[in-house]
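Trainee: Handing you this structure, nothing more for now.
Just so it is clear, none of the values below were taken in a lab; they were calculated from the coordinates. The model shown is predicted, which means the values in this text are computed figures rather than measured ones. Because the Cβ atoms are built from the backbone with ideal geometry, glycine has one as well, and the counts that use them run over all protein chains shown.
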Amino acid sequence: MDAYNRQHNYLRISLTERCNLRCFYCMPSEGIELSLPEHLLSDDEVIRLATLFVKSGVSKIRLTGGEPTVRKGIVEIVGRLNELRKYGLQSIGMTSNGIALPRKLPALVQNGLTHLNISLDTLDPFKFEIMTRRMGHDAVLRSLRASLATPELQSVKLNVVVIKGLNDHEVLDFIEMTKDSRLSVRFIEFMPFTGNKWDKAKMVPSSELLSRIQARYPALRKGSDELNDTARSYVIPGYRGSFGFISSMSDHFCGSCNRLRLTADGQIKVCLFDAKEVSLRDEMRRGASDDVLLRTIGRAVSGKKEKHAGMEDIDVVTNRPMILIGDVHRPVSARSIQRSPRSRSEYTRNYSPRAHAARSLAVRRFSTAPTGHGGTPSARLTHIDDAGRASMVDVSPKEPTRRTATASGRIIIPRVAYELITDGTQEADHGHLANDAEMAALLKAKEKARSKGNVLVVAQLAAIMGCKRTSELIPLCHPLPISHVSVTLQPEAHHTNVGVHSRSASDAPTVAIDSFAVHTRSEIGLGEASQEPTYSIVCRATVSCEGKTGVEMEALTAVSVGLLTVWDMLKAVAGKEMVIGEILVERKTGGKSGDFERSSAEQ
């Protein structure tokens, strides 16, 4: 009990400061200095402290990080915590980013895990890679489906930190994920922490989000909230799941706070926004008895303030960064995006048709996945066995059939590289160069690039060779008797202005450049409003075979190797400015799944 008669029965334990993502919004841009391993709590120390807390009235424990699944022995820790039920522990929860969760989830649940929160701030896989600096969007969705298909988990929640201008337009997409599943989505207000460049203008009040949702779903109603629950819950009639808001900034819930936090290095924090900490680790390692530890904990709790400071007065100087505290709230900084040219273009993708299609696809993939226990979605990958290990697909029962696949991709290049590829037929005016030295350096770089040979011919040969070696590069691909490979590389010049067209080096009509090239203009410093064309090379590969499985991977490998070869050939003059993207399968024929052709809108 604290001085304001609040009973604390909820303990959050951070198990590690490490994470398998590198989210720009979770840690300061300059990074963090991790504690030495010997400064972190050992498994025995974690269990000893947890035992003291449970015997003193804690009935809920949640494991956090960093990312708790990267802690060695996480499954065993959950099992040892489960033994505390005899002292009054009722639930063991965990908050995870979902990347490494699927293979550990069955053992965690078997050892006593009862509640799971998964963090996912965007349904756009492109934006996910920008925000986390890692791939893994599909892995998070797989974790979510697997969790919902596990009936032993009493609750599965999805945590979404909402940032104005970054992901607030995705709120309704997240709501749709609750239609056919028992998922609870919680929208969390952006909160200030050390190094995350918090900006009040980027914080979307929960009341504003609720108004937007009510406009789409006027029949929604207030749900029943648990005692001390930080989220205000709502349900939509006919939807299996629910959604809620954690309004730490605009409508704090300090009056009913029942939480205490234990950091990975053994400090007790009685308030997320209070920089004061008391080291239980040091007390233990000095030989303190359980009674001494309990008195130390009691003094810390009794010193808890009635409420935390207002938004503008929260201590973000001496308080820890979020990753070193450990909590469900993953603060995001929109300002940090503005420091990166690549990230800046992501702002413009928020409302583009491509971004909307990507988010809609993510919702469809989540909602229409094969069902597991109780009709809830579950994931099933053909290259993963029942134990979660990589496994080659058995195609021996299949009959060989005629199969083809066409893939394509694009590399955006600067004008000087385009001139080299087109044999200088459109030699540019280099009057913008500052002096003769810069001109000499450019000519030298051009000569170096030319010395490697014909860029398109070399790239074409590399693409064909790469195609034939796909099974050596992609571990679980079958070696196939390829009967034909056709690869073309076409230079193109495009004006980004609507209605303005250009012609390729071969003087053949070209399609208007799509959103990828338009966004890339700002990334390579050309500017979106300029009349200067955007230059690119499109690589297209068609592969055929008589086999038991398709050749999509062979076509994709050919395109990827071809574009990478272009990069290598041109890096002397354009290494800092080229961007590769839009690698996709355009069409395929043959096989059990039938023929497929991507529409021009999808391309």
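Trainee: Quote the FRET efficiency, to the nearest 0.05, computed for L476 versus S360 with a Förster distance R0 of 30 Å and r equal to the Cβ-Cβ distance.
Mentor: The formula returns an efficiency of 0.55 here.
Trainee: What are the radius of gyration and Dmax of the stretch 75-198, computed over its Cα atoms and given in Å?
Mentor: Cα-based Rg and Dmax for the stretch 75-198 come out at 15.8, 48 Å.
Trainee: Given R₀ = 25 Å, FRET efficiency for D568-R22 by Cβ-Cβ distance, to 0.05?
Mentor: That gives a FRET efficiency of 0.40.
Trainee: While we're looking at this one, here's another question. Given a cut-off of 27 Å, name the pairs among K60/K307; K157/K305; K157/K592; K222/K305; K468/K548; K60/K104 whose C-alpha atoms lie farther apart than that in the structure shown.
Mentor: Details: K60/K307 22 Å; K157/K305 29 Å; K157/K592 37 Å; K222/K305 30 Å; K468/K548 16 Å; K60/K104 21 Å.
Those over the limit are K157/K305; K157/K592; K222/K305.
Trainee: Report the FRET efficiency, 1/(1 + (r/R0)^6), for S302 and E129, where r is their Cβ-Cβ distance and R0 is 60 Å, rounded to 0.05.
Mentor: Computed FRET efficiency for S302 and E129 comes out at 0.85.
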